[in-house]
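The values are calculated or read from the model by the stated rules, or taken from the named source; none is laboratory data. Please read all numbers here as calculations on a predicted model, not as lab measurements. Here the Cβ is made from the backbone with ideal geometry for all residues, glycine too, and neighbour counts use every protein chain on show.
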There are 2 protein chains.
Amino acid sequence: MAVPNSPAFHVPPRFPRGFRCASRNVGLKPTARDLTLFVSDVEANAAAVFTRNHFPGAPIILGRETIRAGRLRGIIANSKCSNVATGDEGVRRARRMAAAAAAELGTTADRILVSSTGVIGVPLPIEKIETGVRGMSGDLQDDPLLGAEGIMTTDTHPKALSVSVGNATITWVAKGSGMIEPNMATMLAYIFTDAAFDTATLDRMLRAAVHVSFNMLSVDTDTSTSDTCAILANGHAGAVNEDDFQGALTAGCIRMTEILARDGEGAEHLIRATVRGGRDEGEARRVAKALVNSPLVKTMVHGADPNVGRLLMAVGKCFDVPVIADRTDALINGFPVVKGGMRLDFDDATVRATLSREVVDLVVDLGTGAASAVAYGCDLTKGYVEENAAYYSS
Amino acid sequence: MAVPNSPAFHVPPRFPRGFRCASRNVGLKPTARDLTLFVSDVEANAAAVFTRNHFPGAPIILGRETIRAGRLRGIIANSKCSNVATGDEGVRRARRMAAAAAAELGTTADRILVSSTGVIGVPLPIEKIETGVRGMSGDLQDDPLLGAEGIMTTDTHPKALSVSVGNATITWVAKGSGMIEPNMATMLAYIFTDAAFDTATLDRMLRAAVHVSFNMLSVDTDTSTSDTCAILANGHAGAVNEDDFQGALTAGCIRMTEILARDGEGAEHLIRATVRGGRDEGEARRVAKALVNSPLVKTMVHGADPNVGRLLMAVGKCFDVPVIADRTDALINGFPVVKGGMRLDFDDATVRATLSREVVDLVVDLGTGAASAVAYGCDLTKGYVEENAAYYSS
């Protein structure tokens, strides 16, 4: 699978043919945009993956049902209330939300994907959404950043990317990073394309891309109850070479993953942990995740300290991976710091200086095989504690 | 196995017959005590458990060899340098450290357990230790708090407990909490008794106690390369009923676990997470650990917010546990907040007020069986970030 490192992302990002979006304040929040609509002018083939949390929100329960048909006209997403832990009534309200968007767009409720983010355990103010969505089809615009702004919570900037592949365009719109809304948040990532692919192919390509991108992202180890990643393909651009499309899709998902990690709560650095030399990919993934998830590695990056001991500790606590100490090497921002499990006599000041970069690359070579993996995370700061301790859920 | 909730711990703690300790500054640190000796006047039966980290320190490698004989006269422990990632030379220096203590006590090196904590990847200043330990047998005293002080790193107070069981005494001396020394730290817990038990029984009782106490402790998910928990029984008090001893041993280990969790880096609260209604103990343990390890649960306790969504999220992300949402109940400090996976309409202000207590009890009932477990952790504060980001490893 080709993963181009630097596809030519458009500046500014734009939608593929036939896709538009709108966002509004409908009274869920005091003044900020809290309701967003993404629309294809024709039915699109679609695929989606959802959170694995055992307490999925009502929109997830409904979304799993909706996506089975593999066809979507649009997506409706609200912020402020996540419609999680709300029981059967929550699912009924999610259905009413789909129906309201469908009526506005002249389609049926089973062609609308619903997302909600925000406080959990609170009834969804469905009447405000039903009233508020009326007329939104008149607001639709070509700018994906408008939709990205509409789904923002504690994100510090709207997040959208687009790239050309053959005659087609792929556009990503996303928000959040792990549990980035301090209460019960969500990673939402929507991908739009005018390439023509059947649903089964879309599903396969989406899962392949997510496996090495969003599924390797961790801000704080906490898995939201509402995570959703969906792709819509309306076919306006006709057929596109599948390998080319997969390469661009994966590259964009990885780039969006980096953007989300860097904007993790309180984060000041993106941490990219590459593990190579594993016996299989699963082992490499677990060690890479252990590195970006270790509070002591995260604070080490925050403090710009080349603390080799913390790297070894984080690798060594992967009890289900057969780590061999004297085969283990490590590099920080390209500088070898560990060889055969022992600390090298590296130039501390030089390596320390590189840790002030916005992107910090940690590489561990397990020396036991040929498998590799990359995980994406961020540093742990007082800002993270402040955002999440100061928040009141009610 | 009986686990008395409130055994009558002695105030102040004292040693069993035949045990004493001494501590000194030998120049590893500028002025603080950095070398400690624990001694039994006769050879004691002994058992120990060590870190599972794949990069064990040299003292762990040596300790596993030493403990096989099941006999100890003493323990020598230094701070400031952990003797980890130091290769074969590190093991040689750990052996010299054991030999130096043995010479001072008139025994052989294979009867001395060695512990080192502090910076990793730095050669152990063995000459300072060899010189410094001379004459320490003349300093030995009856006060376990002196030894506890001698092994402190970032601990805010020395940690020792003792309790009577039958005619015997059990004394615990411990330091640290997870990675409490900001570089590469250690949980050390030494247990001394004058009860008479053979090595195999000691080993079995120690593992049973550690399973429900120290192994359920997590300050930051980061497993040290130097963790050691050892028990020495010199037999001066003769035989003690095994069930009584196991009960007291377990109760003391749990109490020491609570003390370590409460003194975790930057911590202001002890979090006790009880999970009941699991299908088996393993599942209950995994969910309880997920609760105390969730950064969002930890910051929720720090912020005194009864954020039910974070509790459900943390339970729900245990993908290998078959959580059934509509059977899941939860309580915060005794107040029911979740019933059947849905947030109850509890009195927010009342529950919020209880969260200012030093000890916060979270209870989750999985409703799927009869197994239970308790995990011990602490809140996540700016103090944790400050200690670990400000630290320089060299």
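Screening B:Thr153, B:Thr199, B:Thr228, B:Thr193 for residues that are out of contact with any helix residue (DSSP H, G or I) (no Cβ under 7 Å at 6 or more places or on another chain), in contact (Cβ under 8 Å) with a residue 60 or more places away in the chain, surrounded by 24 or more Cβ atoms within 10 Å (Cβ to Cβ) and among the hydroxyl-bearing types (Ser, Thr, Tyr) leaves exactly one candidate, B:Thr193.
Selection of the range A:268-297 for residues being within 9 Å of another protein chain (Cβ to nearest Cβ), touching a residue at least 60 places away in the same chain (Cβ under 8 Å) and in contact with a Lys or Arg (Cβ under 7 Å, 6 or more places away or on another chain) yields only A:Val297. Of the residues making up the range A:270-294, those that are buried (at least 22 other Cβ atoms within 10 Å of the Cβ), in a helix (DSSP H, G or I) and small (Gly, Ala, Ser) are A:Ala284, A:Ala288, A:Ala290. Would you call B:Asn45 in contact with a helix residue (DSSP H, G or I) (Cβ under 7 Å, 6 or more places away or on another chain), in contact (Cβ under 8 Å) with a residue 12 or more places away in the chain, assigned by TED's automatic domain parsing to the domain that holds B:Gly247 and within 24 Å of A:Gly316 (Cβ to Cβ)? In short, no. Only one of the numbered conditions (1) modelled with pLDDT of 90 or more; (2) out of contact with any Ser or Thr (no Cβ under 7 Å at 6 or more places or on another chain) is not met by A:Ile170, and that is (2). Residue pairs whose Cβ atoms lie under 6 Å apart, sitting 6 or more positions apart in sequence or on different chains, and linking a residue in the range B:333-360 that is closer than 20 Å to B:Thr299 by Cβ to a partner that is of a type in the set (D, E, K, R) and not in a loop (DSSP other than H, G, I, E, B), are B:Asn333/B:Asp361; B:Val338/B:Asp329. Scan the range A:14-49 for residues that are in a loop (DSSP other than H, G, I, E, B) and aromatic (Phe, Trp, Tyr) and the total you get is 1.
Within the range B:23-32, the set of residues being crowded, with 20+ Cβ neighbours inside 10 Å and either outside the structural domain of B:Ala233 (by TED's automatic domain parsing) or more than 16 Å from B:Leu105 (Cβ to Cβ) (or both) comprises B:Val26, B:Leu28. Of the helices (runs of 4 or more DSSP H) entirely within the range A:50-159, those holding at least 2 residues that are of a type in the set (Val, Ile, Thr) and either within 14 Å of another protein chain (Cβ to nearest Cβ) or in contact with an Asp or Glu (Cβ under 8 Å, 6 or more places away or on another chain) (or both) occupy A:58-67. One residue stands out in the range B:107-136 among those that are touching a Gly at 6+ places or on another chain (Cβ under 8 Å) and hydroxyl-bearing (Ser, Thr, Tyr): the one that is surrounded by the fewest Cβ atoms within 10 Å (Cβ to Cβ), namely B:Thr107. Checked against the criteria, A:Ala304 does not count as in contact (Cβ under 8 Å) with a residue 40 or more places away in the chain, of a type outside the set (S, T, N, Q), out of contact with any Leu (no Cβ under 7 Å at 6 or more places or on another chain) and not assigned by TED's automatic domain parsing to the domain that holds A:Ser213.
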